[in-house]
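The values are calculated or read from the model by the stated rules, or taken from the named source; none is laboratory data. In this text, all values refer to a predicted model and were calculated from it rather than measured experimentally. Counting neighbours? That spans all protein chains shown, and the Cβs are built from the backbone with ideal geometry, glycine included. Calculation scope for accessible area: heavy atoms of the full protein, side chains included, ligands and nucleic acids excluded. Shrake-Rupley method; radii C 1.70, N 1.55, O 1.52, S 1.80 Å.
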Amino acid sequence: QVQVVESGGGFVQPGGSLRLSCAVSGNLISINSMGWYRQAPGKQRELVAISITDGNTDYSDSVKGRFTMSRDNAKNTAYLQLNSLKSEDTAVYYCNTEVWEKTSYGKRTRTYWGQGTQVTVSS
């Protein structure tokens, strides 16, 4: 089993910053990708940023230039730096990862989600 734990959410005023962390642990062989998603009340979950093994990171247009995703592969951890926050960034932020994990017959890829961390931007 693999565990995905986010942290770092909170309450911040418009224009402020936050840093989210996502730690992946458990019975995994390697990580293929890590991504950040968010879901605002009454809206569908949407992709914020995604980083795949080759090092490329893609961002949604709504956060490009304000949010930065980074990874510490040695720690199986991803970070999301949120700058110049706006009220419309208010949402629960989820970490997603696709990993290779061991099975009784070899290995397989599987996707896991964290429990989410709340980010609230308000004056």
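Before moving on, here are some points about what is shown:
- Residue in the range 26-33 that is within 13 Å of the chain's Cα centre (by Cα) and closer than 22 Å to Ser123 by Cβ present: no
- Scanning the range 23-69 for residues that are charged (D, E, K, R) and closer than 15 Å to Ser84 by Cβ yields Asp61, Lys64, Arg66.
- If you go through the range 1-59 and keep only what is part of a loop (DSSP other than H, G, I, E, B) and loosely packed, with under 13 Cβ neighbours inside 10 Å, you end up with Gln1, Gln13, Gly15, Ser17, Asn27, Pro41, Gly42, Lys43, Gln44, Asp54, Gly55, Asn56.
- Filtering the range 60-70 to residues that are open to solvent by less than 60 Å² (accessible area, probe 1.4 Å) and in a strand (DSSP E or B) leaves Phe67, Met69, Ser70.
- Scanning the range 71-99 for residues that are part of a strand (DSSP E or B), open to solvent by 50 Å² or more (accessible area, probe 1.4 Å) and of a type in the set (Ser, Thr, Tyr) turns up nothing.
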